[in-house]
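The next block holds one structure in the form of structure tokens; read it before the comments.
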Amino acid sequence: MRTKEEYLQGLKKMKRNLYHNGEKIDRDDPEQIPALNVMGVTFDAAYDPETADLCTATSHLTGEKINRFCHVHQTTEDLHKKQDMTRTLCRKVGYCIQRCMGIDAINALNAVSYEADRANKGATEYHQNFKKWLEYFQTNDLVGSCAQTDVKGERLKRPAQQTDPDAYVHVVERKSDGIVVRGCKLHISEASIADEILVVPTRALGPDEKDYAVAFALPADYDGIKQVVSIHNFRQRKHIKRGFDAGYTDSYVIFDDVFVPWERVFLCGENDHGGLCALLFALFHRHSYSGCKPAIGDVLLGAAALAAEINGIEKTSHIRTLLAEIIKVTELGYAAGFTASALGKPEVIIPGMGSVPYGPGGMIPNSIYANVGRCLTGEAVFHEQEILCDIAGGVPATFPYEGDLVSSELKPLLDKYLTRNPKIPVDEQVKFWLYFAEMTCSSLAGVLNYGNYHGGGSPIMEQIAITSQYDIKLRKNLLKALAGIRPLAPGEVTAK
Ligand SMILES: Cc1cc2nc3c(=O)[nH]c(=O)nc-3n(C[C@H](O)[C@H](O)[C@H](O)COP(=O)(O)OP(=O)(O)OC[C@H]3O[C@@H](n4cnc5c(N)ncnc54)[C@H](O)[C@@H]3O)c2cc1C
């Protein structure tokens, strides 16, 4: 396992393919430091006695101890630990821990590469390629980002119907030693600080869309890849320090006719498995949200409760109602993820076929519970912000800048007029509102809300997954039996 320092040294050796605001930047550009702080926690936590058990695992390939973010879940206990690791580390940094895209993509690809080979009756070697690559990934403790979301062009047209065929990443040439791919993936979190980019399809694909059924992994600085990076940081502070400086980056990852050698190709042309790959990455990722969204709920609840205390309204009945709303969403989201972990199996639900074995045995969370949990927490994102806004009043929107708060001329006056609760030292109130304003009322907060809402698929995508996979017919039959239309068939009353 690497240390944070070794990870940072590795990034320094990478080629310059990051574009930001009209300039090429290095991986360790000062703007990227807050994002590197967050990613660094995933390395430190593997060595911290308090978190080492959660954050490490035993590789099923080598038997070696590895960072859990590089692990393929072998048991339901692994799924529980991934969920708890995610919640724990997100609590440390206050928001997203960033490394989940990699673990979710490797778990999806482990299953899909195996099944595609099985369907091809040995004519392809995707799973062999994947396992070899995964061993390299695990042994070197690499950071993976997952590039799934395509440009998608005209939303109501399928990939093969698009005016511009490059609206979805696709294969433009097949060669004896590899393939050439073209297209662009959007909003790819932490690709600018990742070692590897894992590419998977976005959606279900038809037989005329085989070129779009492509999955592979490439170093994030590979020839032909350009990253146009947006960076989201808190306002810089000189005097009044935060407990943790977090930041995030997202890239447009452009594949400008990029050659991918066969040994890094994990799927190429199997449209059915391409669709399943999209579904499976989304499933693993929605399960990760049952760790991160509860942690964000923990932080939001702390903010809401402290704002109420500082405003002196914590004993009023409407505050109890508002705090209870945050707690309900947080813990129901966690409970759904916990159940998805507990009911995990090496199976996927295929509409019309039910739950069928899938992959070489890696554990897959239960899809219904992973989807309902993610949908519930995603839909609550803006309502939770509304609760914080309600409790805070206008103070976060117009809070004085740091320079004024420490100015010898203004500090005594501002301390006097910023004091709301005389029982709490004013310096604490100031630190609290500065952070509260950043997490609710800043450009970073806006980006995080969009990520929390859309990441892993917008709520509409979870609604589609839930309603297409849930056994609605069974529920109709229950109603028919109760209404006296027809009796229940054997097994129906106990079926899930
Ligand atoms: C901060 C952030 C980080 C992210 N990180 C990642 C990442 O690391 N990796 C990654 O792969 N993705 C990432 N995403 C992308 C995320 O998964 C997508 O934003 C999400 O899946 C929604 O897709 P979209 O943005 O293309 O929106 P769209 O799909 O365009 O949705 C816009 C609207 O159009 C509607 N719509 C779209 N298609 C149809 C249709 N066919 N019929 C009817 N209505 C339609 C939708 O319902 C919605 O109302 C990230 C997003 C954000 C905001």
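The values are calculated or read from the model by the stated rules, or taken from the named source; none is laboratory data. Computed from a predicted model, the values in this text were never measured in an experiment. For neighbour counting, all protein chains shown are included, and Cβ atoms are generated from backbone atoms with ideal geometry for every residue, glycine included.
Among the criteria (1) charged (D, E, K, R); (2) crowded, with 17+ Cβ neighbours inside 10 Å; (3) free of Cβ contacts under 8 Å to residues at least 40 places away in the same chain, the one Lys241 does not fulfil is (2). For region 180-210, filtering for residues that are buried (at least 22 other Cβ atoms within 10 Å of the Cβ), in contact (Cβ under 8 Å) with a residue 60 or more places away in the chain and part of a strand (DSSP E or B) leaves 7. Mind checking which residues of region 221-241 are of a type outside the set (Val, Ile, Thr) and in contact with a Gly (Cβ under 9 Å, 6 or more places away or on another chain)? Passing the criteria: His232, Asn233, Phe234, Lys238, His239. Would it be correct to say that Ile466 is assigned to a helix (DSSP H, G or I), surrounded by 14 or more Cβ atoms within 10 Å (Cβ to Cβ), within 16 Å of the ligand (Cβ to nearest atom) and of a type in the set (Val, Ile, Thr)? Against the criterion (assigned to a helix (DSSP H, G or I), surrounded by 14 or more Cβ atoms within 10 Å (Cβ to Cβ), within 16 Å of the ligand (Cβ to nearest atom) and of a type in the set (Val, Ile, Thr)), Ile466 qualifies. All conditions but one from (1) in contact (Cβ under 8 Å) with a residue 24 or more places away in the chain; (2) in contact with a strand residue (DSSP E or B) (Cβ under 7 Å, 6 or more places away or on another chain) apply to Ala307; the one that does not is (2).
Please verify whether region 441-459 includes one or more residues that are within 14 Å of Leu306 (Cβ to Cβ), of a type in the set (A, V, I, L, M, F, W, C), assigned to a loop (DSSP other than H, G, I, E, B) and more than 16 Å from the ligand (Cβ to nearest atom). No: region 441-459 contains no residue that is within 14 Å of Leu306 (Cβ to Cβ), of a type in the set (A, V, I, L, M, F, W, C), assigned to a loop (DSSP other than H, G, I, E, B) and more than 16 Å from the ligand (Cβ to nearest atom). Out of Ala217, Ala246, Ala191, I need the residue that is more than 14 Å from Pro34 (Cβ to Cβ), out of contact with any Asp or Glu (no Cβ under 6 Å at 6 or more places or on another chain), modelled with pLDDT of 95 or more and among the small types (Gly, Ala, Ser). Which one? Result: Ala191 is the single residue among Ala217, Ala246, Ala191 that is more than 14 Å from Pro34 (Cβ to Cβ), out of contact with any Asp or Glu (no Cβ under 6 Å at 6 or more places or on another chain), modelled with pLDDT of 95 or more and among the small types (Gly, Ala, Ser). Within region 129-148, the residues that satisfy the criterion of being assigned to a loop (DSSP other than H, G, I, E, B) and surrounded by 21 or more Cβ atoms within 10 Å (Cβ to Cβ) are Leu142, Val143, Gln148. Here Ala437 fulfils each of the conditions (1) away from the ligand (no atom under 16 Å from the Cβ); (2) surrounded by 17 or more Cβ atoms within 10 Å (Cβ to Cβ); (3) touching a residue at least 60 places away in the same chain (Cβ under 8 Å); (4) closer than 21 Å to Phe244 by Cα apart from (3). Checking each residue in region 386-398 for being within 18 Å of Glu309 (Cα to Cα) and either touching a Leu at 6+ places or on another chain (Cβ under 8 Å) or part of a loop (DSSP other than H, G, I, E, B) (or both) picks out Ile387, Leu388, Asp390, Ile391, Gly393, Gly394. Do the conditions hold for Ser408, that is, is it within 16 Å of the ligand (Cβ to nearest atom) and exposed (fewer than 13 other Cβ atoms within 10 Å of the Cβ)? Spelling it out, it is not the case that Ser408 is within 16 Å of the ligand (Cβ to nearest atom) and exposed (fewer than 13 other Cβ atoms within 10 Å of the Cβ). Is it true that some residue in region 415-423 is under 30 Å from His127 (Cα atoms), touching a residue at least 24 places away in the same chain (Cβ under 8 Å) and either within 20 Å of the chain's Cα centre (by Cα) or surrounded by fewer than 18 Cβ atoms within 10 Å (Cβ to Cβ) (or both)? Looking through region 415-423, none of the residues is under 30 Å from His127 (Cα atoms), touching a residue at least 24 places away in the same chain (Cβ under 8 Å) and either within 20 Å of the chain's Cα centre (by Cα) or surrounded by fewer than 18 Cβ atoms within 10 Å (Cβ to Cβ) (or both).
Determine whether Gln385 is within 16 Å of the ligand (Cβ to nearest atom) and among the polar types (S, T, N, Q). Yes.
For region 211-230, the set of residues classified as part of a helix (DSSP H, G or I) and within 15 Å of the ligand (Cβ to nearest atom) consists of Tyr212 only. For region 408-440, the set of residues classified as among the β-branched types (Val, Ile, Thr) and part of a helix (DSSP H, G or I) consists of Val426, Val430, Thr440, listed by residue number.
If you go through region 400-421 and keep only what is β-branched (Val, Ile, Thr) and out of contact with any helix residue (DSSP H, G or I) (no Cβ under 9 Å at 6 or more places or on another chain), you end up with just Val406.
The selection criterion, being free of Cβ contacts under 8 Å to residues at least 60 places away in the same chain and under 17 Å from the mean Cα position of the chain (by Cα), does not hold for Ala340.
Summed over region 154-179, residues that are assigned to a helix (DSSP H, G or I) and within 25 Å of Tyr19 (Cβ to Cβ) total 3. Of all residues in region 140-163, which are more than 9 Å from the ligand (Cβ to nearest atom), at positive phi and not small (Gly, Ala, Ser)? If the condition is that a residue be more than 9 Å from the ligand (Cβ to nearest atom), at positive phi and not small (Gly, Ala, Ser), then Asp141 is the only one that fits.
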